[in-house]
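Nothing in this text is a laboratory measurement; each read-out follows from the coordinates by a stated rule. Quick caveat, the model's predicted, so the values are computed rather than measured. Using ideal geometry, Cβ is built from the backbone for each residue, glycine included, and neighbour counts are taken over all protein chains shown.
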Amino acid sequence: MKQTFKLVGLLLAGAALWMAAGMPDSGLKVGDTAPDFRLKNIDGKMVSLKDYKKAKGFIVTFTCNTCPYAVMYEDRIIELHKKMEAKGYPVIAIQPNDPSVQPGDSFSKMQQRAKEKKFPFAYLMDEGQKVYPQYGATRTPHLFLLDNNLKVRYFGALDDNASDATAVTKRYVEDAIAALEKGKDPEVTSTKAVGCTIKAKKVN
């Protein structure tokens, strides 16, 4: 009996630490309606999904400046936006890391990186880290494809090869959008996001 109580205590302590680390214990699933948000863009303006009046959907992408995986995907995300915005599915990038934990992801560093890479999409700061837990994002990058009703149609990785863009054989987001354009459900609706864990502010 004592061993049972000890095991339960350890499990509860582990869960508490997990939650304190800022990792969401739940998130959006396919078919769920995603919450809108109002976050500051690198140009200082506040941005919401509702601001995109002509959008047929959104590629909400949690990414950052400092994660090597996010950096490897930058050019691909830029090209994805250029290609898919024309079809009504813009990329909306959100930086979820806490700058006190990861100084390279401060707002000024976001502005600098966006200027260097000439980001053609909104790059928003999740100040207070309120949005990424609602979505259930755990990595950078972590993508959520929403339709025009903000329903989740796909979430996970952009494609099937983080390290080599030339070796990609599955383009999950593009394939999902192609299905939506045909009035069909995406064949693949979720994959494992590959990237760095989101850096949350430590809770005392």
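For the reader, a short list of remarks on this structure follows.
- Three-way shape label, the range 110-183, alpha-carbon gyration tensor, a/c 1.5: oblate
- From phi via Karplus (6.51, -1.76, 1.60), per-residue ³J(HN,Hα) for the range 89-94 in Hz, x at Gly/Pro: 10, x, 7, 10, 8, 10
- In this simple spin-label approximation, Ser190 and Ser100 carry label points 7 Å from Cα along the Cα→Cβ vector, and these lie 3.2 nm apart.
- Between Glu181 and Lys82, the contour length at 0.36 nm per residue exceeds the Cα-Cα span by 34.0 nm.
- Between helix 68-85 and the chain: long-axis angle, C-alpha atoms, 0 to 90°, nearest 10: 40 degrees
- Taken about its Cα centre, the range 93-142 carries a charge dipole of roughly 240 debye when the Cβ of each Lys and Arg holds +1 and the Cβ of each Asp and Glu holds -1.
- Cα gyration tensor shape for the range 56-98, rounded if a/c is under 1.5, else prolate or oblate: oblate
- With a Förster radius of 22 Å applied to the beta-carbon distance between Ala167 and Asp75, the computed FRET efficiency rounds to 0.90.
- Relative to the dominant Cα principal axis of the chain, helix 2-20 is inclined by about 30°.
- Classification of the range 142-204 by its C-alpha gyration tensor yields an oblate form. The axis ratio a/c (a ≥ b ≥ c) is 1.5 or more, and b/c is at least a/b.
- Potential lengthening between Asn149 and Glu127 on full extension [0.36 nm per residue; Cα-Cα distance subtracted]: 5.4 nm
- Within a straight-line Cα-Cα reach of under 24 Å, Lys199 can be paired with the following lysines, leaving aside sequence neighbours fewer than 8 residues apart in one chain: Lys29, Lys40, Lys109, Lys115, Lys117, Lys130.
- Net charge of the neighbourhood of Asp98, taken over other residues with C-beta under 12 Å away and scored Lys/Arg +1, Asp/Glu -1, is +1.
- The angle between the Cα long axis of helix 107-117 and the main principal axis of the chain comes to about 40°, on a 0 to 90 degree scale.
- In plain terms, the chain from Lys118 to Lys202 could stretch by 27.0 nm, reckoned as 0.36 nm per residue minus the Cα-Cα distance.
- Overall, the range 125-164 carries a charge dipole of about 240 debye about its Cα centre when +1 sits on the Cβ of Lys and Arg and -1 on the Cβ of Asp and Glu, all other atoms neutral.
- Considering only Ile59, Met72, Gln129, and ranking their Cα positions along the charge dipole of the chain that arises from unit charges at the beta-carbon of Lys, Arg, Asp and Glu, the one farthest toward the positive end is Gln129.
- Using only the C-alpha atoms, the convex hull of the range 129-169 corresponds to 87 Å³ per residue.
- Those aspartates and glutamates that a straight Cα-Cα span of less than 19 Å connects to Lys202, excepting residues fewer than 8 apart in one chain: Asp25, Asp98, Asp105, Asp126, Glu127
- Computed over neighbours whose Cβ is under 14 Å from that of Lys130, the net charge equals -1, Lys and Arg +1, Asp and Glu -1.
- Evaluated at q = 0.11, 0.12 Å⁻¹, the base-10 log of the normalised Debye intensity for the chain, with identical point scatterers placed on the Cα atoms, takes the values -0.51, -0.60.
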